[in-house]
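The values are calculated or read from the model by the stated rules, or taken from the named source; none is laboratory data. Everything numeric in this text was worked out from a predicted model, so none of it was measured. Using ideal geometry, Cβ is built from the backbone for each residue, glycine included, and neighbour counts are taken over all protein chains shown.
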Ligand SMILES: [Zn+2]
């Protein structure tokens, strides 16, 4: 099904997406859908080994974080393995709450994806320790995307 491309707010060059196997696992959500299909949810929890990808805890509650903002430019990326990571807490507590309440901090470390950027091109500073790109196939070492800030003051940001 073809979908109209969302309005982009940033000029910047668009990267061509590489051809690879991600489409095999890709689950596309319907319009306005926030529910993550069970198969995709299982895939992401397995990939992330039931651990918060920020602090490493396996304690519940663990929830799925949508890295690209909901609605607007992020909607077409919403329910993909590249866009989903496991975090502890929910929208107000734990690392999930921390990300939602410190959005600039989270964007600089990949826990949120800036508007107009493809989550497949925006790695995560996983466990605040290493840059890796999530996909349906797992986590792969990755260079920081252009424009990302150095996580040079982790302690001060907590
Ligand atoms: Zn956590």
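I'd like the residue in region 121-158 that is exposed (fewer than 12 other Cβ atoms within 10 Å of the Cβ) and assigned to a loop (DSSP other than H, G, I, E, B) and, out of all such residues, is modelled with the lowest pLDDT. Please lay out each step first, then the result.
Kept after step one, since they are exposed (fewer than 12 other Cβ atoms within 10 Å of the Cβ), are these residues of region 121-158: 129, 140-141, 143, 146, 150, 152-153, 155-156, 158.
So of that shortlist, the ones also assigned to a loop (DSSP other than H, G, I, E, B) come out as 129, 143, 146, 150, 152-153, 158.
Working: 129: 90, 143: 83, 146: 57, 150: 53, 152: 53, 153: 51, 158: 40.
Ranking the candidates gives 158 first.
Here are 53, 65: which of them is in a loop (DSSP other than H, G, I, E, B) and either within 16 Å of the ligand (Cβ to nearest atom) or at pLDDT 85 or above (or both)?
Values: 65 fails: in a loop (DSSP other than H, G, I, E, B).
Exactly one residue qualifies, and that residue is 53.
Count, please, the residues in region 76-112 that happen to be in a helix (DSSP H, G or I) and more than 16 Å from the ligand (Cβ to nearest atom). Write out each step before concluding.
Going residue by residue through region 76-112, those that are in a helix (DSSP H, G or I) are 76-77, 94-101, 103-108.
Then drop every residue that is not more than 16 Å from the ligand (Cβ to nearest atom), which leaves 76-77, 103-104, 107-108.
Within region 76-112, residues that are in a helix (DSSP H, G or I) and more than 16 Å from the ligand (Cβ to nearest atom) number 6.
Among what's in region 105-115 and is crowded, with 18+ Cβ neighbours inside 10 Å and within 15 Å of residue 83 (Cβ to Cβ), pick the residue that is modelled with the lowest pLDDT.
Here the residue is 114.
Give just the number: which of (1) within 13 Å of the ligand (Cβ to nearest atom); (2) modelled with pLDDT of 95 or more; (3) out of contact with any helix residue (DSSP H, G or I) (no Cβ under 7 Å at 6 or more places or on another chain) does residue 59 not satisfy?
(2)
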